[in-house]
Amino acid sequence: MADIDLNVDGRGEVATSPRRGLSSLLDPPRLVGVAALIVGIVGWELYARSLENNIFFPTVGTMADGLVRLVQDPDFWGAYRLTLVPFLWGWVTSMVAGVAVGLIAGLSKTTWKLISPYVAFFHALPVSVLVPVMVVAFGIDLLARSSVVFLFGFFEVLLSTVVGIGYISDDIRDMTRSFGMGPVRAFRRVVLPGAMPAIMAGLRIGTGRAVVGMVVMELLLVSVGVGRLIIRYRALFQADLLYALVVTLAIFGLVALAVMRRLENRVLRWRGDV
């Protein structure tokens, strides 16, 4: 039997909650993930050491030294600041607009029929090929860079929201009308909670896509932040700093997804299965 903690809630009732500690860290999925990470690091190190000239493929220790040098360099933090500004603009607007347009399209079949061909086209089209169009339309300033990030995340959120609204059957909507619920109350009490799991999943996936858009923006549009450092380290054959910079991008993406996953768990805690 699993260890539990006994707590008395505000009504004087005894409630049980699982004790989280060492046992949660020893869950099989966590152990498998840690083992896979260790195997990957060891494999990287062995392969790097097997190369006669590893100037292009540094060892784990060399890359770790490069990471330490990066975080101590003010230019590194300045580059990230320049990259994060358009990312935040594009990410926030894509999340808000994706949910708003998705709710409208999901509730109105006419609206969905009008925009679905365009949504299908842009969702199937690689966003990277639209970068030159962004340059022609908006130049190379903040608006253009934010637009690239926006396009990467917007359609994922929109489609997930529409699918979430589609989960609400017509029978449930008819039931809300039979109970005398108005459109606003039915939306707030029935439609939105029912669609929320899909919406939150779309926000999480859209965030991951927005991070990809941030990197594409820096490499294909104008390299003023992290992209500038990537180009510099590549031109100077500073593989340790280049790989360390890529690691920081991966860490940033993982942290962003973890934050969204935590938010998803809090919003959907009423389900009891997240």
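The values are calculated or read from the model by the stated rules, or taken from the named source; none is laboratory data. A quick note: this is a predicted structure, and the numbers were derived from the prediction, not measured. For neighbour counting, all protein chains shown are included, and Cβ atoms are generated from backbone atoms with ideal geometry for every residue, glycine included. Each accessible area value is taken on the protein alone, full model and side chains, heavy atoms only, with ligands, DNA and RNA left out. Shrake-Rupley method; radii C 1.70, N 1.55, O 1.52, S 1.80 Å.
Can residue 191 be described as in contact with a helix residue (DSSP H, G or I) (Cβ under 6 Å, 6 or more places away or on another chain), open to solvent by 10 Å² or more (accessible area, probe 1.4 Å), at pLDDT below 85 and on the phi < 0 side of the Ramachandran plot?
No: the conditions fail for residue 191.
Condition check ((1) free of Cβ contacts under 8 Å to residues at least 40 places away in the same chain; (2) in a helix (DSSP H, G or I)) across all residues:
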position	(1), (2)
224	no, no
231	yes, yes
237	no, no
247	no, yes
253	no, yes
263	no, yes
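Test residue 51 against the stated conditions and say whether it is within 30 Å of residue 221 (Cβ to Cβ) and either open to solvent by 80 Å² or more (accessible area, probe 1.4 Å) or of a type outside the set (Lys, Arg) (or both).
Spelling it out, it is not the case that residue 51 is within 30 Å of residue 221 (Cβ to Cβ) and either open to solvent by 80 Å² or more (accessible area, probe 1.4 Å) or of a type outside the set (Lys, Arg) (or both).
Is it true that some residue in the range 174-191 is without any contact (Cβ under 8 Å) to a residue 12 or more places away in the chain, of a type in the set (A, V, I, L, M) and part of a helix (DSSP H, G or I)?
Yes, that holds for at least one residue.
For residue 204, are the conditions met, namely being open to solvent by 60 Å² or more (accessible area, probe 1.4 Å), outside any loop (DSSP other than H, G, I, E, B), farther than 17 Å from residue 100 by Cα and not β-branched (Val, Ile, Thr)?
no
In the range 91-107, is there at least one residue being open to solvent by 40 Å² or more (accessible area, probe 1.4 Å), under 20 Å from residue 212 (Cβ atoms) and outside any helix (DSSP H, G or I)?
no
I'm trying to understand the selection: among the residues of the range 29-57, which are within 24 Å of residue 235 (Cα to Cα) and among the basic types (Lys, Arg)?
Hit for the range 29-57 is 49, nothing else.
From the list 135, 131, 157, 148, which residue is in contact (Cβ under 8 Å) with a residue 60 or more places away in the chain, part of a helix (DSSP H, G or I) and more than 27 Å from residue 256 (Cα to Cα)?
135
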